[in-house]
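Where a number appears in this text, it was derived from the coordinates with a stated rule and is not lab data. Note that the structure is a prediction, hence the values are computed from the model and not measured. Glycine gets a Cβ as well: all are built from the backbone with ideal geometry, and neighbour counts include every protein chain shown.
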Ligand code: S3P
């Protein structure tokens, strides 16, 4: 396993916010798979889904993950919520670094993403049911892909970051 910290978990679990704090604390670089894909594609994620479809987006995620595996160390990598679902990605994630699952409940996701329009999978009606369905089906995948499950439900982003860092230190020492 390479010396990177990977954050996986549902939309709104705090991967980006917490990831930046961890990176600052450790002096690591910070990478966000969504951000890298948006930069490369030259369009927002909603537009990629609309013009090219979800499958094309998932392929972009897998390609990016392979590249990161070949090039990156000493980084904190925040991933899109659906990235761990592809089988090939699961193994790539586990070799790329220590995989932390930031676990949250439906209520927290709902509260944090209220009014958000940047997530195509939660667009339209019945957002609460969509979150419930996706979260229920994905929780077991996140659990099986991760090395460590982190409570991202309680505490400030700094405290969640601290939980990740202390586990990371135990694992690399
Ligand atoms: C997705 C999560 C999003 C983004 C895309 C699809 C998902 O990332 O990759 O909208 O399938 O859960 P965040 O988890 O950063 O919101």
Could you give the radius of gyration (one decimal) and Dmax (whole number) of the Cα atoms in the stretch 66-161, in Å?
14.5, 41
Where the centre of each part is set by its Cα atoms, how far does the stretch 18-36 sit from the stretch 52-103, in angstrom?
14 Å
Highest GNM mean-square fluctuation, the chain, Cα pairs closer than 10 Å: which of 28, 142, 101?
28
Please give the FRET efficiency for residue 137 paired with residue 16, using the beta carbon to beta carbon distance and R0 = 25 Å, rounded to the nearest 0.05.
0.65
What percentage of all Cα-Cα pairs in the stretch 1-85 are separated by more than 15 Å?
57 percent
Extended-chain gain in nm, criterion 0.36 nm per residue less alpha-carbon gap, residue 147 and residue 171
7.6 nm
Residue 54 and residue 25 label points (each 7 Å along its Cα→Cβ direction) are spaced in nm at 3.3 nm
Largest-first principal axis extents of the Cα set of the stretch 78-119 (Å)
35, 18, 15
Using 7 Å Cα-to-Cβ label points, what is the residue 127/residue 70 separation (nm, one decimal)?
4.0 nm
Here D for the chain, in µm²/s, from Stokes-Einstein with a Kirkwood Rh over Cα pairs at 37 °C and 0.692 mPa s, works out to 202 µm²/s
